[in-house]
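Participant: Submitted below is the structure of interest, expressed as structure tokens.
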Amino acid sequence: MENEKIRLDKYLWAIRLFKTRSAAAIACDKGRVKLNGEAVKASRNVKISDIYEVKTEEKRWTIKVTGLLPKRVQYKEAIHFYEDLTPPEETERIAFQSASFYSGKRLSKIGRPTKKERRDLDDFTDNN
């Protein structure tokens, strides 16, 4: 397994930093993945002990490669193939941001009417 070559985009996808391999390749192309401060291509071979700075939609990661992972596995297994060196300030920022951000749930009685409310409105307008 020491001689095995794995592309950077495939590795980032396999350790679950990106949802798709193409998303990992696009991030590399846009310069969001860096090795020693320089942007790297998606086709670069990953080596053990490389330290990458990865910028995703949610978070800025700093990861150290501890093992090569040729295929995507469960998160519980994938975390054993890299070491998360992300500074604590970034983790705190993410926690604060998620706590203060919109939860995605629609507030009651605000926005579009529900199906029942729509029926009641239709009945009301038909009778007048």
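The values are calculated or read from the model by the stated rules, or taken from the named source; none is laboratory data. Quick caveat: nothing in here was measured; it's all calculated off a predicted structure. Neighbour counts run over all protein chains shown; Cβ positions are idealised from the backbone, glycine included. Each accessible area value is taken on the protein alone, full model and side chains, heavy atoms only, with ligands, DNA and RNA left out. Shrake-Rupley method; radii C 1.70, N 1.55, O 1.52, S 1.80 Å.
Participant: What are the residues in the stretch 40-56 that are over 19 Å from Thr86 (Cβ atoms) and open to solvent by less than 90 Å² (accessible area, probe 1.4 Å), if any?
Facilitator: Those that are over 19 Å from Thr86 (Cβ atoms) and open to solvent by less than 90 Å² (accessible area, probe 1.4 Å): Ala42, Ser43, Arg44, Asn45.
Participant: Moving on. It is to be established whether one or more residues within the stretch 6-27 are more than 20 Å from Pro70 (Cβ to Cβ), surrounded by 13 or more Cβ atoms within 10 Å (Cβ to Cβ) and free of Cβ contacts under 8 Å to residues at least 24 places away in the same chain.
Facilitator: yes
Participant: Also, quick follow-up: Regarding the stretch 76-97, can at least one residue be identified that is closer than 30 Å to Ile6 by Cβ, surrounded by fewer than 10 Cβ atoms within 10 Å (Cβ to Cβ) and modelled with pLDDT of 85 or more?
Facilitator: Yes, because at least one residue in the stretch 76-97 is closer than 30 Å to Ile6 by Cβ, surrounded by fewer than 10 Cβ atoms within 10 Å (Cβ to Cβ) and modelled with pLDDT of 85 or more.
Participant: Out of all the residues in the stretch 11-28, which are among the aliphatic types (A, V, I, L, M) and more than 22 Å from Ser49 (Cβ to Cβ)?
Facilitator: Correct list: Ala23, Ala25, Ile26.
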